[in-house]
Structures are given as C-alpha cells and as structure tokens.
C-alpha cells in the first residue's frame with residue numbers, strides 16, 4: 001500500500017498493512033530535525049493552525065502518510081508584527097513572544113457583554129481572497145500519494161476564549177451573559193464555511209476540535225457542553241455530511257472527556273483525537289473495548305513523558321503496545337498526542353517513525 005491507500009483504508013473501516021502515521025511539530029522541533037537530516041527548514045505558514053499544517057516536506061520525509069491543510073491569512077491581511085515582540089492576527093488576537101512560545105497578550109473581546117458587542121466586531125471573512133491558496137497547492141501536489149486532512153481545530157469554544165480570555169468565557173457560560181450565544185454562533189458560522197470549502201477542495205477528512213478536557217476531568221461540566229456545544233457540533237457535522245456524505249469527521253479534544261464520548265458518537269463523530277495517555281480515564285484498553293466499534297482512534301503516543309524523556313527503545317516498545325491495543329482489526333491512526341515539542345530529542349522522533357515502519 002502507498003500512504004494514501006493506507007490512510008483511506010482506515011477511514012473506510014478496513015484494516016491496512018499497518019496503521020497510518022501522522023505527526024506534527026513545533027517550529028523549534030522542526031528546525032532541529034531539519035538540521036539533523038540536512039534538509040532546508042520550512043518557515044511556518046501564517047495560520048491560526050500553523051503548527052498543524054507547516055513543515056510538510058520534512059514530515060513526509062520522516063514518514064507521514066497524510067498532509068494537513070487549513071485556512072491561512074488572506075491576501076493583504078497577514079499577521080502583523082508590532083513593537084516589543086507583540087503580534088496581532090486577523091481575528092484581533094494579540095500575542096507576545098515568551099521564550100519558545102507566543103502567549104496571549106490581549107483579548108479583543110475581553111469587555112464583551114451584549115449581542116451588540118458581537119454584531120459590531122470585525123470578524124474575518126472565511127472566503128477572503130487567498131484564504132485557501134496554500135491548501136489548494138498542497139492538495140494539488142500531494143493528493144495522488146497521500147491522504148489530505150482538512151484542519152478545523154479551535155472550531156467553537158477555543159476560538160471564543162482566544163477572543164475573550166479563558167476565565168471570562170468560563171464564568172460567562174455559567175452566567176448566561178447575553179453575548180455568549182451570538183459569539184459562539186458567529187465563530188461556528190465562520191468555521192462551518194471554512195470546513196465546507198476544505199471539503200469542496202478535496203480533503204479526505206475534517207479534523208475539527210476544541211479542548212473540553214483537562215488532565216483530571218472535563219474543563220466545563222457536561223451539562224454546559226450539552227447546552228452550548230453539542231448542538232453546534234451536531235449542526236456542523238450534518239452540514240459537512242450534506243456537502244459530502246462520505247466525509248470522515250475527527251474531533252480533537254485534549255484531556256479527559258469520558259462523560260461526553262457516547263454523545264459525540266451520537267451526533268456523528270467518526271474519529272477521536274488525541275487520546276492523551278496521561279488524562280484520567282483515557283486508557284486505550286478501555287476506549288478500544290467500549291468504543292472501538294464506533295470510533296477510529298487518532299493519537300495515543302505521549303508527548304508529556306514518553307517522547308521527551310524515554311530512551312528510543314522504550315518509545316519503540318510503547319508504539320508496538322499501543323498499536324496492539326488501538327490498531328487491532330484496524331481503526332487506528334498512530335500519532336503523538338499533540339505537536340512534538342522542542343524538548344524531544346531528534347533520536348526519539350526517528351525512533352517513533354522507525355517503530356511504525358517495522359510493525
């Protein structure tokens with residue numbers, strides 16, 4: 001099987017020659033790997049989902065079986081570099097450079113209270129010129145040999161708190177502040193249109209998502225999820241399937257989300273990501289036993305402990321163990337549980353891929 005055949009075999013519910021692999025990298029990890037492999041470093045793309053869609057040539061060289069595409073900043077509206085290490089994207093979110101990472105600096109809707117605050121806010125146009133230029137290039141260049149994932153993470157909740165601040169959104173959801181529903185609807189509409197455009201351009205899978213879990217449990221209680229997010233997710237899933245009945249839908253949600261897994265299946269979820277090993281209740285044996293007939297699993301390899309701290313042979317052992325559990329009878333895309341971080345030795349990244357190739 002080639003990479004595309006391997007990936008689409010899993011998406012169709014059948015068992016491939018081995019589980020397809022898909023990993024992503026932080027820019028720092030990508031630079032180290034590029035130097036190690038004597039490859040030219042690819043600058044990250046200008047997108048809210050940059051780490052998911054950048055460094056494609058490097059990742060294919062390592063062994064990914066799919067490429068990932070997403071909406072990027074449109075023509076004439078790139079992320080701005082301001083003074084003192086501050087940048088501002090087209091959503092109005094501002095970030096400040098802090099060591100390896102950029103941290104949120106100001107939240108443009110931090111004072112939002114009323115529907116009018118949302119009605120007058122200058123949200124991005126999902127169909128702005130140039131929005132999908134990079135996606136179109138990648139699909140044209142790679143779809144013959146590789147599967148194509150359309151990334152739509154931060155679909156509703158995360159983009160909302162990126163605009164308001166996390167503490168504010170958590171309190172305002174509970175207090176039912178009037179701006180909440182209009183904000184969530186506006187974000188959903190933008191990402192729904194973005195997802196539909198990616199489907200029309202030929203992706204094989206939509207990878208949507210919001211982090212509803214923490215390491216120890218749900219970040220928001222299940223009833224709040226049911227009130228605000230379940231109906232909107234259901235609406236998006238239905239619209240995606242109306243556009244393409246064969247599209248496969250993945251949802252990224254870090255942390256422990258055990259209470260809502262059955263309901264995500266109920267509204268049409270196909271693929272659960274990232275199966276964070278350290279999160280309470282997200283045990284792969286349990287998940288495969290309970291939901292293996294309903295879900296494809298995507299992830300499962302720890303980036304908290306295993307990838308940065310284990311020796312290469314231990315990484316290979318863990319890859320074999322997880323594949324034996326989640327990959328039984330198919331239904332598994334092997335991947336780190338998030339972007340491979342800068343603290344991961346290059347030898348460990350190589351060991352991860354070598355383990356997959358030698359299953």
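Rounded to the nearest 0.05, what FRET efficiency do residue 328 and residue 354 have when you use their Cβ-Cβ distance and R0 = 30 Å? Could you put the intermediate results ahead of the total?
Numbers: r = 22 Å, r/R0 = 0.72.
Computed FRET efficiency for residue 328 and residue 354 comes out at 0.90.
Can you give the relative contact order of the chain as a percent, counting alpha carbon pairs under 8 Å and 6+ residues apart?
Dividing the mean separation by the residue count of the chain yields 19 percent.
Sorted from largest down, give the three principal axis spans of the alpha carbons of the stretch 228-334, whole angstrom values.
In descending order, the Cα extents are 46, 28, 22 Å.
Which ordering of 87, 12 is given by a fewest-first count of other beta-carbon atoms within 10 Å?
Working: 87 16, 12 11.
Exposure proxy ranking, most exposed first: 12, 87.
Give me the compactness ratio for the chain, meaning the Cα radius of gyration over 2.2 N^0.38 Å.
0.95
Given contacts defined as C-alpha pairs under 8 Å and at least six residues apart, what's the relative contact order of the stretch 31-128, whole-number percent?
In percent, rounded to a whole number, it is 14.
Ignoring solvent entirely, what values of log10 I(q)/I(0) come out of the Debye formula for the stretch 266-320 at 0.21, 0.25, 0.30 Å⁻¹ when each Cα is a single scatterer?
Here the Debye-derived log intensity ratios amount to -0.83, -1.03, -1.23.
Would you list 56, 133 from fewest to most Cβ contacts within 10 Å?
With the fewest neighbours first, 56, 133 line up as 133, 56.
Can you give the FRET efficiency for residue 311 and residue 97, using 1/(1 + (r/R0)^6), R0 = 35 Å, r = Cβ-Cβ distance, to the nearest 0.05?
Details: r = 33 Å, r/R0 = 0.94.
Approximately 0.60, to the nearest 0.05.
Treating the angle as unsigned and between 0 and 90°, give the value, to the nearest 10°, between the Cα long axis of helix 312-326 and the longest Cα principal axis of the chain.
For helix 312-326, the angle is close to 80 degrees.
Could you tell me how far the Cα centroid of the stretch 73-103 sits from the Cα centroid of the stretch 281-306, in Å?
35
Can you tell me how the stretch 156-260 classifies by the Cα gyration tensor, rounded, prolate or oblate, using a/c under 1.5 as the rounded cut?
Here the stretch 156-260 falls in the prolate category.
Given the Cα-Cα distance of residue 82 and residue 293 and 0.36 nm per residue of separation, how much length would full extension add, in nm?
70.9 nm
List 353, 162 from most exposed to least, where exposure is judged by having the fewest other Cβ atoms within 10 Å.
Working: 353 18, 162 22.
Starting with the residue having the fewest Cβ neighbours, the order is 353, 162.
What number, rounded to the nearest 500 deg cm²/dmol, is the helix-based mean residue ellipticity at 222 nm of the chain, given -39500 (n - 2.57) per DSSP H run of at least four residues and division by all its residues?
My calculation for the chain gives -12000 deg cm²/dmol from helical runs alone.
Rounded, prolate or oblate: which one fits the stretch 18-78, using the alpha carbon gyration tensor with axes a ≥ b ≥ c (rounded when a/c is under 1.5, else prolate when a/b beats b/c, else oblate)?
oblate
None of the figures in this text is laboratory data; all of them are computed from the coordinates on show. In this text the structure is predicted, and so the values were computed from the model without any measurement. No Cβ is skipped: glycine too gets one built from the backbone with ideal geometry, and neighbour counts run over all protein chains shown.
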